[in-house]
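Novice: Supplied in structure tokens, the structure appears directly below.
Nothing in this text is a laboratory measurement; each read-out follows from the coordinates by a stated rule. Predicted model only: the values in this text are computed from it and were never measured. Every residue, glycine among them, receives a Cβ derived from its backbone with ideal geometry; neighbour counts consider all protein chains shown.
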Amino acid sequence: MSADDLFAAAKAAMSHAHAPYSQFPVGAAVKTKAGAIHAGCNIENASYPEGWCAETTALGHMVMAGGGKVTEIAVVAEKMAKIMPCGGCRQRLAEFAAEDAVLHLCDTDGVLETVPFSAVFPRGFSFEDGK
């Protein structure tokens, strides 16, 4: 499976976004070390802070399917090329990301840039930090 396959899963998920308030559909997909791809879309709620980001939905699907370590992440938004996960999603992704995980920054046509996840979230909180 290639980065293009991951992008395709994220784009397909974006088509299911529930974004009636922001009109800003987003799709995300994560790939595990085992090669499984799990996708999700943003799901808004009238009580704005209660919605789910696409990355959160993708991680939820991954966990429900048995979990794993994330090696690749793709995020795509209909109205913004090279969208980055928000801070909260970066922390959520860090919980599952392999040390060498990469983030694919996309537009609606495909992957534009690939960066190490550690470069966009270098010092996330971890349980080990408190020991």
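Novice: Please go through the range 14-32 and pick out each residue that is small (Gly, Ala, Ser), within 12 Å of Cys53 (Cβ to Cβ) and touching a helix residue (DSSP H, G or I) at 6+ places or on another chain (Cβ under 9 Å).
Specialist: Listed by number, the residues that qualify are Ala17, Ser22, Gly27, Ala28.
Novice: Sticking with this structure for a sec: So, restricting to strands (runs of 3 or more DSSP E) that lie completely within the range 12-131, which ones have at least 3 residues that are crowded, with 20+ Cβ neighbours inside 10 Å?
Specialist: Qualifying strands (runs of 3 or more DSSP E): 26-32, 37-41, 70-77, 97-107.
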